[in-house]
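Reading through the structure tokens given below for one structure.
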Amino acid sequence: MERRDKTNYYLDIAETVCERSTCLRRNFGAIIVKNDEIISTGFNGAPRGRANCSDRGECTRELLGIPRGQRYELCRSVHAEANAIISAPRISMIGSTIYLACHDAKDGSLCGNVEPCSMCKRLIINAGIEKVIVREDKNNFREIDVEGWIENDDSLEGKDSY
């Protein structure tokens, strides 16, 4: 039996974390890792104590016909990246990597062409995270160097994924 490489091992865990997501559009899972130690995890869902979209059976943005990447202020969810960052001390995140996996909430298919939204990019930068790794399919992934977002200030206006 061939041993799973570390990057896909962590992405497998992020994919498991996304199973806790309560979004009716896309289920995201995130884990922050530093020195081969998992610092925290996060999935997208409503703030603690508030009703999740999956519990309510409706998505406000979907009801209003709002496309992905727009009008996040109407969304009930806290993004997976934000939840992982909230759960970790900054000192542990400096120089770390965040691994992201996403599934379509309706059909369960893996969504590989995603990246953090502009607000999550800002949070990732401020947290001191160095690298973002996004699962593209079961064995392939894309690495994003966070320094590139800092150097190219316009990158914070890039495509959004929820």
Quiz item: Right, Glu115: among the acidic types (Asp, Glu), assigned to a strand (DSSP E or B) and touching a residue at least 12 places away in the same chain (Cβ under 8 Å) or not?
Solution: no
Quiz prompt | Among the candidates Thr16, Thr7, Thr41, residue that is closer than 25 Å to Glu143 by Cβ, surrounded by fewer than 16 Cβ atoms within 10 Å (Cβ to Cβ) and β-branched (Val, Ile, Thr) | solution = Thr16
Practice problem: Being basic (Lys, Arg) and in a helix (DSSP H, G or I) is the filter; apply it to the range 56-92 and report the residue that is modelled with the highest pLDDT. | Solution: Arg90
Quiz item: Does the range 30-43 contain any residue that is at negative phi and without any contact (Cβ under 8 Å) to a residue 40 or more places away in the chain?
Solution: yes
Quiz item: Can you tell me how many residues in the range 93-108 are in a loop (DSSP other than H, G, I, E, B), open to solvent by less than 60 Å² (accessible area, probe 1.4 Å) and modelled with pLDDT under 95?
Solution: 2
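Listed here are the residues, each with its yes/no results for (1) in contact with a strand residue (DSSP E or B) (Cβ under 6 Å, 6 or more places away or on another chain); (2) farther than 26 Å from Ile13 by Cβ.
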site	(1), (2)
Ile38	yes, no
Gly57	no, yes
Gly65	no, yes
Arg68	no, no
Arg71	no, yes
His79	no, no
Practice problem: Among the candidates Val33, Val17, single out the residue that is β-branched (Val, Ile, Thr), modelled with pLDDT of 95 or more and outside any helix (DSSP H, G or I). | Solution: Val33
Exercise. With respect to Val33, determine if the residue is of a type in the set (Val, Ile, Thr) and open to solvent by less than 30 Å² (accessible area, probe 1.4 Å).
Key: yes
Self-check item: In the range 57-70, residue surrounded by the most Cβ atoms within 10 Å (Cβ to Cβ) [restricted to those that are at negative phi and without any contact (Cβ under 8 Å) to a residue 12 or more places away in the chain]
Solution: Ile66
Self-check item: Residues (modelled with pLDDT under 95, more than 15 Å from the chain's Cα centre (by Cα) and open to solvent by less than 60 Å² (accessible area, probe 1.4 Å)) located in the range 110-153
Solution: Gly148, Trp149
Exercise. Being of a type in the set (D, E, K, R), over 19 Å from the mean Cα position of the chain (by Cα) and not in a helix (DSSP H, G or I) is the filter here, so list the residues in the range 37-55 that pass it.
Key: Arg50
Quiz item: Which one of these is of a type in the set (Lys, Arg), open to solvent by 50 Å² or more (accessible area, probe 1.4 Å), more than 14 Å from Ala105 (Cβ to Cβ) and in contact with a helix residue (DSSP H, G or I) (Cβ under 7 Å, 6 or more places away or on another chain): Arg90, Arg48?
Solution: Arg90
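The values are calculated or read from the model by the stated rules, or taken from the named source; none is laboratory data. None of the values given here were measured: they were computed from a predicted structure. For neighbour counting, all protein chains shown are included, and Cβ atoms are generated from backbone atoms with ideal geometry for every residue, glycine included. The accessibility values were calculated without ligands, DNA or RNA, using every heavy atom of the protein model including side chains. Shrake-Rupley method; radii C 1.70, N 1.55, O 1.52, S 1.80 Å.
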